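Contents: one structure, followed by commentary.
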Amino acid sequence: MNHVGRTGSEQEAAQLAALLQRLARHYRERAEQPRDLADRINRHELLELAEGAEEFAQETAARAHFACAT
Amino acid sequence: MSTATNVPTPPRPFASLQVDPQKVRDGVWITHPDTGDQVRIRRRFNPEHAAAYAAARAEYEAQHGKGTGESDAADLAIDAVAMSRAVVVDWRLASDPTRPYDPAEMAALLADPELDELRRWIAAQSNRRANFRPEVTS
């Protein structure tokens, strides 16, 4: 197996993990610094979305890591 | 008289985490409380959703140029396309119940900043375990 470079699917997984982390940050920032009343009202929902994206980002990153290491 | 039938069955450990795999895979109908529109949604981050992200990103970069898929605008556009293809699988519009589901139109709606509430509602509903629970948990 290739320990130095990344295969296409590993790279895809790493890119997906990065995208999900950015989405999680987007939702978390809106929850913590609401842009408007809707964000204030839906703070709990925004935090749930951030947590969901963070969780999936971690799973995806781990898959990419293990695929790379084996 | 047997007492066996009177012994309560202990609750299954972690029962509150149970989801119905068929609901996760095929989706469940949910109704928007204000508009009455219905969407059939799968659980967010199912395997098809991950694949849809990769395809949406590749399409975005093919359209906008290599390396453009890493900005806030790109993230939201890619997320909208992935959701329209792999999370939302059908709709019943209150205003036009026979209109067939159109993923491209749904992607455009989900990407519209004026419809941020729609995007957040669908994302939140598809993220919520309670929507995908089995009818009866043991």
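Read-outs: derived from the displayed coordinates by stated rules, not from any lab. The shown structure was predicted, so the numbers you read here are calculated from the model rather than taken from an experiment. Here the Cβ is made from the backbone with ideal geometry for all residues, glycine too, and neighbour counts use every protein chain on show.
Annotations
- Think of chain B as having a plus end and a minus end, set by charges on the Cβ of Lys, Arg, Asp and Glu; of B:Ala74, B:Trp29, B:Leu118, B:Trp29 sits farthest toward the positive end of this dipole.
- Two-site FRET efficiency, B:Asp72 against B:Asp26, from Cβ-Cβ distance with R₀ of 41 Å, rounded to 0.05: 0.80
- Efficiency of FRET between B:His64 and A:Arg43 - r from beta-carbon atoms, R0 45 angstrom, step 0.05: 0.85
- Note on segment B:20-128: with charges restricted to the Cβ of Lys and Arg (+1) and Asp and Glu (-1), its dipole about the Cα centre is near 540 debye.
- Sorted from greatest to least, the principal axis extents spanned by the alpha carbons of the protein assembly as shown come out as 77, 53, 37 Å.
- Rounded to the nearest 0.05, the FRET efficiency derived from the C-beta distance between B:Gln18 and A:Phe66 at R0 = 30 Å is 0.65.
- Normalised by 2.2 N^0.38 Å, with N the number of residues, the alpha-carbon radius of gyration of segment B:30-138 equals 1.13.
- Mean separation of Cα pairs under 8 Å and 6 or more residues apart, divided by the residue count, gives chain B a relative contact order of 31 percent.
- Taking the helices alone, chain B has a mean residue ellipticity at 222 nm of -13500 deg cm²/dmol, built from -39,500 (n - 2.57) per DSSP H run of at least 4 residues and averaged over all its residues.
- One equal scatterer on each Cα of segment A:8-69, no solvent, Debye formula: the resulting log10 I(q)/I(0) at q = 0.29 Å⁻¹ is -1.04.
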